[in-house]
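> I have a structure I would like to understand better, so I am pasting it below and will then ask my questions one at a time.
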Amino acid sequence: MWFSHHQKRNSLQAPVAGTYTVIPTATSPQQIGLLAIQPTSPVINAPIDGDIISLSPSRLVINSLSNQHIELRIDRPSFHNKCTWQVRVGDSVSPLTIVGTLYGSLKDVTIAVYRIDTIQATNWVSLVSCLRL
C-alpha cells in the first residue's frame with residue numbers, strides 16, 4: 001500500500017483588501033515584519049491556516065500549521081477606531097475565516113503581520129546543560 005506524505009506549508013495571505021505600506025516598527029526583537037497594509041475594507045481575514053493562541057484588543061497571534069507564531073497587529077493613531085474580533089482563543093482559522101471587523105475611519109490604520117521567533121524551551125535547556133560542562 002502506498003501512502004503520500006503531505007508537507008505542512010505556510011502560505012501567507014493579505015488579511016485585508018488595501019494598499020501595501022511600510023511595516024511599522026516591531027515592538028520586540030523577536031518580531032520579523034512580513035507585510036503591512038492600509039485597509040480599504042473593514043473585514044479582516046486570517047493571514048494563514050492555524051489556531052488562535054492569543055487575543056487582545058489590537059492584536060491576535062496564530063500558531064500556524066508548521067508551528068510558527070504569526071502576529072496580526074492593528075496600528076491606529078486614533079482611539080476612535082475599534083476592532084471587533086469574531087474569533088476566540090482556541091479557534092482554528094484559515095484565510096477564508098473572517099477574524100475581525102474594523103469600525104470607524106480606516107484612514108491612518110495599518111494592519112501589520114509579523115512572524116514571532118521563539119526559542120524552544122527544550123533546546124534552551126540543552127544549550128545551558130552543554131555550557132555547564
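The values are calculated or read from the model by the stated rules, or taken from the named source; none is laboratory data. None of the values given here were measured: they were computed from a predicted structure. Neighbour counts are summed over all protein chains in view; Cβ atoms, including those assigned to glycine, are modelled from backbone coordinates with ideal geometry.
> Considering only the range 48-79, how many residues are of a type in the set (Val, Ile, Thr) and modelled with pLDDT under 95? Spell out how you get there, then give the answer.
Our first condition is that a residue be of a type in the set (Val, Ile, Thr); within the range 48-79, this holds for 48, 52-53, 61-62, 70, 74.
Now narrow it down to the ones that are modelled with pLDDT under 95: 74.
So the answer is 1.
> Inside the range 6-116, counting only strands (runs of 3 or more DSSP E) that do not spill past its ends, which hold 3 or more residues that are surrounded by 12 or more Cβ atoms within 10 Å (Cβ to Cβ)? Before you say what the answer is, go through the steps one by one.
Numbers: elements: 18-20, 31-39, 43-45, 50-56, 59-64, 69-75, 82-85, 98-103, 110-116.
Passing ranges, in order: 31-39, 43-45, 50-56, 59-64, 69-75, 82-85, 98-103, 110-116.
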